[in-house]
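What follows is a short report on a single structure.
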Amino acid sequence: MDKLKEEIVSQSDTVMSCILLSKKIDKISKETGKKAAILSNFTVRGLSECLRVKSFANDIFLQVYEGEYGQWKQEILGNKLYEFKPDIIFLLIDTHGLDGHILYADNDVKPEEIDRFKKETKNELLQLVDCIRSKTSAKIVISNSVKIWPPVAGIFDSKLKNGHYDIIDDYNNDLLSIYKNDGQVFIFNLNEWLGYVGKKHFWYDKYYFMADMRLSPEAIPLLADELVSYLIPLAGKKRKCIVLDLDNTLWGGVVGEDGLSGIKLAPTGEGQQFYYFQKLLLSLSKRGILLAINSKNNEEDVREVFLRHPHMVLRQNNIVSSQINWNNKAENIQAIAKELNIGLDSLLFVDDDLANRELIRQTLPEVEVLDLPADSAQYVQTLLNYKGFNMFEFTEEDKKRNEMYLQEKQRNEYKNTFIDMDTFLRSLNMHISVKEIDDLLIPRIAQLTQKTNQFNLTTNRYHEDDIKNFIRSGDKLWALDVSDKFGDYGIVGFCLVKDMSDRWEIDSMLLSCRVLGKKVEEQFFGFVLSELKKIKPKKVRAYYKPTQKNSQVKDFYKTFDFYKMKSSETEDIWERDLGSYVFIQHSFIEINRYQV
């Protein structure tokens, strides 16, 4: 499989090569993975194979449904698309009708006709999107409209009330505005992307007149690369932490040789590429991406740079873990992952040294390695082009993630001063709040179901609309908020219980790894059982579905006197009667129940 991924990286730049590679994926993998549907009103032949290949390179197994040629509206209104049960639907809709009907028309086209046509074009699309929404909770990605270059009116286009760019901008801005706060629908900026890769080479009339292809065949693999940005968060493949080298990565030069004043780092002049690279890293940190250091250096030299260099953008409180020593960099990465309690597959390694990058690739294949170019002036664009930090939502927990991990570091240092665990736990002054879920919590809960792996009994993945549907159906949903003397962990737990008339059924029970080992999971679930008993003391059925990462919770229900009804390779079924259940609260954890 690794060999095929290497082949994909080096040979997936044409449609034909992607078609051949897609066939190889079929031979080695029977995994179902995620499902994507592609609907378009122009020919995108080869895109499904390219998308499968590019996804496989990101450890995503993808099934693709491609709508019939010229039938995108019928596909939306019919049933075949929804029988496929897609997780995401790409609507690649060319609004060439705007160009052909209006923009190539005589100058005496009445303004009201233009307005009417713009409105009809937009409203038809909105109605079709509403139809999709009524039939599926899949993510919907709509491409915006592309501006032709040069505009029909040339340099005078900017002076016209209904010039080419005015019409397209109005249409695109309306789409953005309508779906700005919609968690299900996203706008893919096809116009800006084409501007980046080159309209002159990839978006022109030759292929449109020949085969109804607006995009040239050479652009299809590039488009697939870009659309993978939506599949990474869909499949929970987002990277959580950037592990950074220092010399010639965060600054130019070697601090141990050049000294504090000799390294290159400044907002102007020779060191500005490193300065703006750090600005980008700081921006990512504020988006919830953790920053760690893995450097062969003298720790005192590094500390001096962070504390005293006038143009150092990143400071020590932006770094959640540091391994600054002369050890093997692979060992240091493992230490960072252990300290942060995250998997190696959550890390992106950034180092200017080719040998170090190859070492990590060979010894720790789960870690993603960013190929920094030899020219440091390209560092910023290289990191901007990286797809692994994409997300569908941005929550309060994301904003506070750096602070939370620094607090956890304090907890661990504090923990080392205690001889036994119970004394440590009592000293933390823990508070847990169990909350019924409202609209404000939905994005965070959806995020937890998507990315929580270790303490997740069923690993059922849900989107925001799924959570809303559970609430509307009258299911019982609880969220867990935890805090202690060091700070607030935020929303870290979720339990979904369905009323099956003769019994309660636990659909999801999960907690973030950040609170494991503090007996919080016992108190949360115990509280949930006590609430269910108050409502109606009947049987509770629960499920454990094994994955590669959740083996530690396979006997979780046994600790609550559930008995195992059935066991198989894919599922264990547990059950107990609530009539005799008694909730025992730990004295060192204060529990609040907030009705929202």
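Taking amide H atoms as placed 1.01 Å from N in the peptide plane, the amide H of Phe349 lies under 5 Å from those of Val243, Glu368, Val369, Leu370, each 5 or more residues away in sequence or on another chain.
Accessible surface area normalised per residue over segment 106-197 is 55 Å², counting heavy atoms of protein chains with a 1.4 Å rolling probe. Within the chain, what's the longest run with no chymotrypsin sites (Phe, Trp or Tyr not before Pro) in a DSSP loop and at most 13 other beta-carbon atoms within 10 Å? Give the range, please. With a cap of 13 other Cβ atoms within 10 Å, the longest stretch comes to 105-325.
Working value for segment 515-592: equivalent-ellipsoid semi-axes of 23, 18, 9 Å, each the square root of 5 times a Cα gyration tensor eigenvalue, largest first.
Each Cα pair under 8 Å and six or more residues apart adds its sequence gap; the mean of these over the residue count of segment 129-279 is a relative contact order of 14 percent. Considering only alpha-carbon pairs that sit under 8 angstrom and 6 or more positions apart, the relative contact order computed for the chain is 10 percent.
When only Cα pairs below 8 angstrom with a gap of at least 6 residues are kept, segment 397-507 shows a relative contact order of 27 percent. Checking every one of the trypsin sites (Lys or Arg not before Pro) in segment 1-82 against DSSP loop status and a limit of 13 other Cβ atoms within 10 Å picks out Lys30.
Isolated cysteines of the chain, defined as having no other cysteine beta carbon under 4.7 Å away, are Cys131, Cys241, Cys495, Cys513.
Between Met16 and Leu384, 0.36 nm times their residue separation minus their Cα-Cα distance comes to what? Write down the numbers at each step before the final one.
On the way: separation 368, 0.36 × 368 = 132.48 nm, distance 2.82 nm.
That works out to 129.7 nm of additional length.
Across segment 133-144, computed HN-Hα scalar couplings (Karplus, 6.51 cos²θ - 1.76 cosθ + 1.60, θ = phi - 60°) run 4, 6, 10, 7, 9, 4, 5, 10, 10, 10, 7, 8 Hz from first to last residue, x flagging Gly and Pro. Taking R0 as 51 Å, what FRET efficiency do you get between Asn416 and Lys73 from their Cβ-Cβ distance, rounded to the nearest 0.05? According to the calculation, E is roughly 0.20.
Looking at segment 166-255, the trypsin sites (Lys or Arg not before Pro) that sit in a DSSP loop and have at most 10 other Cβ atoms within 10 Å of their own Cβ are Lys180.
Extension gain Asp115-Ser530, at 0.36 nm per residue separation less the Cα-Cα distance, in nm? It would help to have the intermediate numbers written out before the result.
Details: separation 415, 0.36 × 415 = 149.40 nm, distance 6.02 nm.
That works out to 143.4 nm of additional length.
Multiplying the residue separation of Lys566 and Lys161 by 0.36 nm and subtracting their alpha-carbon distance yields 138.8 nm.
Would you calculate, for the chain, the mean residue ellipticity at 222 nm contributed by helices, counting each DSSP H stretch of 4 or more residues as -39,500 (n - 2.57) and dividing by all residues, to the nearest 500?
Numbers: 23 runs with 237 residues, N = 596.
After summing the helix terms and dividing by residue count, I get -12000 deg cm²/dmol.
In the chain, the DSSP beta bridges split such that about 45 percent are antiparallel, to the nearest 5. Be a star and scan segment 360-389 for residues whose amide nitrogen sits under 11 Å from the point 7 Å along the Cα-to-Cβ vector of Glu270. Residues passing the 11 Å test: none.
Measure up Lys34/Lys554; Lys3/Lys451; Lys534/Lys564 against 30 Å on the Cα-Cα distance and list the ones that go over. Please list the in-between numbers first.
Numbers: Lys34/Lys554 25 Å; Lys3/Lys451 27 Å; Lys534/Lys564 24 Å.
From Lys34/Lys554; Lys3/Lys451; Lys534/Lys564, over 30 Å: none.
Return the tail of the calculated pair distribution for the chain, meaning the percent of Cα-Cα pairs more than 44 Å apart. Provide the component values of the computation, followed by the final result.
Details: 50753 of 177310 pairs.
Here the long-distance tail beyond 44 Å is 29 percent of all Cα pairs in the chain.
Here the calculated FRET efficiency for Glu331 and Arg361, from their Cβ-Cβ distance with R0 = 22 Å, stands at 0.90, rounded to the nearest 0.05.
Let's test the formula: R0 of 35 Å, r as the Cβ-Cβ distance of Asn460 and Asn189. What FRET efficiency results, to the nearest 0.05? List each step's numbers first, then the result.
Numbers: r = 32 Å, r/R0 = 0.91.
Calculated value: 0.65.
Carbon and sulfur: what percent of the chain's accessible surface (1.4 Å probe)? Mind dumping the intermediate values first?
On the way: 13490 of 27930 Å².
Result for the chain: 48 percent of the exposed heavy-atom area is carbon or sulfur.
Step through the table entries Lys110/Lys199; Lys80/Lys238; Lys296/Lys485; Lys237/Lys409, compare each Cα-Cα distance with 27 Å, and write down the pairs that go over it. Correct reply: Lys110/Lys199; Lys80/Lys238; Lys296/Lys485. For the residue pairs Lys139/Lys415; Lys23/Lys119; Lys519/Lys545, the alpha carbons lie more than 32 Å apart in Lys139/Lys415; Lys23/Lys119.
Can you give me the Cα centroid spacing of segment 361-414 and segment 35-74 in angstrom? Each part's Cα centre sits 29 Å from the other's.
Label-to-label distance, Ala374 versus Asn123, with points set 7 angstrom from Cα along the beta-carbon direction: 6.0 nm.
Computed 3J(HN,Hα) for segment 212-223, one whole-Hz value per residue from the Karplus formula 6.51 cos²θ - 1.76 cosθ + 1.60 where θ = phi - 60°, is 6, 10, 6, 8, 5, x, 5, 7, 4, x, 5, 5, glycine and proline marked x. Residue by residue, segment 238-245 carries 3J(HN,Hα) couplings of 5, 7, 9, 9, 9, 9, 10, 6 Hz when phi is fed to the Karplus relation 6.51 cos²θ - 1.76 cosθ + 1.60 (θ = phi - 60°); x denotes Gly or Pro. Projected label points at Gln552 and Val582, each 7 Å from Cα along the beta carbon direction, are separated by 3.1 nanometres.
Give the distance, in whole Å, between the Cα centre of segment 263-331 and the Cα centre of segment 115-147. Cα centroid of segment 263-331 versus Cα centroid of segment 115-147: 44 Å apart.
The values are calculated or read from the model by the stated rules, or taken from the named source; none is laboratory data. This one's a predicted model, so the numbers in the text were calculated from it and none came from an experiment. Using ideal geometry, Cβ is built from the backbone for each residue, glycine included, and neighbour counts are taken over all protein chains shown. Remember, those area values only see protein heavy atoms, side chains included, never the ligands or the DNA or RNA. Shrake-Rupley method; radii C 1.70, N 1.55, O 1.52, S 1.80 Å.
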